Amino acid sequence: MKKPFQELCNGSDEPRVNLAGDASTGETLVSWRFAAPMHEDRILVNLVRGVGVCQDAQAAGVHASDRCAVGLRAPAQFHRDRAGWRALSCVVVDSLIEARELVRRYPSVTAVDGISFGVRAGQCFGLLGPNGAGKTTTLEMLEGIQRPTAGQVLYRGRPLDRSYREEVGIQFQATALQDFQTVGESLQMFASFYARTADRDELIRMCNLGEILDRDTRRLSGGQRQRLLLAIALVNDPTLVFLDEPTTGLDPQSRRNFWGLIETVRRRGKTILLTTHYMEEAQSLCDEVAIVDHGRIIAQGDPLALVRQHFPAAVVRLPASAWPAGEPLPEGVEPQDGAIEFFTDAVPPLLEWLEQIGANLNELKVQTPNLEDLFLKLTGHTLRA
């Protein structure tokens, strides 16, 4: 059962919210019933959680808000006819954007093979996978750039339409900027493409562009260029932001600084869909991740919960050269990348046993398993940026 809306309207002159579940579809139906006659031509009902999409919006004269996110108030308008205020039913959509059984086939390969997931409003969702896994193709279908061979992308419970492009911002893996333009001119040009734009001064402050506004875009460092591209992705004040490997090629300091920018964007109520090859980045930023391989999702959930699901509490690592000569490795343990790893819930007994068999413990490390360990376990691929 999907999560219902909270009951918000309790005043005598305001509509009551009634909930009813539909077990066959997994949807929660919400009906608004007015407790007293109204004297205005319409009334606004504030919805705090989820997105309301009216099944008979045109006939009923009901319009869902054009902006809706968890924790933000989104008005839904109800109109009166001669019979009085109408009791209307809406479908509660937990996901701001949803992929339903997406398939993308090319003549010689199926790049995406039945991927389904949803991204809730206000969430940072990570789409992870090795090169060639299908994540970029999936992202392009969600962005509306590619059409799926089969399946459907829904935004606020409806198929993508022309208005969708005004609602989203995209930072591509590679974006060609106009030659002979300054940073400020580039921002102005991209802003001119949209009917609605973010506050320019606020965007410049948030992305730390003030000192480079008059600099030619061809003379930007990697970190400066990525900050400009993020500002361009946000220039239309989007509800949903796609970030496709935004920190690839940045040095560690610039990467960490960019993480801070992403957190700032989230705090401003944006929903983020992120792809990255850096597992530390995904574990730090994402509320939920989906790991994709061979065009399918092979794991999905909260990063830390997924790690705990697949691994014991600790991983003990030591160099392969530290293993005593002639001592066979335990069943299921093999050297990888010059190291031997033991996953265990009982570290002290393992250390005692290693000492007894004569292993060299000088370079031994005890660590908590992380998302990178899970990624390698599930995909069998070496991480490649």
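Every number here is computed from the coordinates shown, using simple stated rules; none is lab data. Given the structure is predicted, the values throughout are model-derived calculations rather than measurements. Every residue, glycine among them, receives a Cβ derived from its backbone with ideal geometry; neighbour counts consider all protein chains shown.
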Per principal axis, largest first, the Cα atoms of region 242-359 extend in Å by 57, 30, 29
Using Cβ contacts closer than 10 Å as the measure, can you line up Ser254, Ser108, Ser221 from fewest to most? Ser108, Ser221, Ser254
Could you tell me what a quarter of the Cα convex hull surface of region 311-377 works out to, in nm² with one decimal place? 4.4 nm²
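What is the order of Leu154, Leu96, fewest Cβ neighbours within 10 Å to most?
Taking fewest neighbouring Cβ atoms as first place, the list is Leu154, Leu96.
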When Lys and Arg each count +1 and Asp and Glu each count -1, what net charge do the other residues less than 9 Å away from Leu177, Cβ to Cβ, add up to? +1
Rg/Rh (Cα only; Kirkwood hydrodynamic radius) as it applies to region 178-250: 0.94
At R0 = 45 Å the Cβ-Cβ FRET efficiency linking Ser321 and Asn257, nearest 0.05, sits at 0.75
Rounded to one decimal in nm, the spacing of the 7 Å Cα→Cβ label points at Asp302 and Val347 is 2.2 nm
Over the residues of region 139-267, compute the C-alpha Rg and express it relative to 2.2 N^0.38 Å. 1.09
To make sure I understand, if each residue's beta carbon is the centre and we count other beta carbons within 10 Å, what order do Ser95, Ser116 fall in, fewest to most? Ser116, Ser95
Rough spin-label spacing in nm, given labels placed 7 Å along Cα→Cβ, for Glu202 and Glu185: 2.8 nm
Pop the C-beta distance of Leu378 and Asp337 into the FRET formula with R0 = 25 Å and round what comes out to the nearest 0.05. 0.90
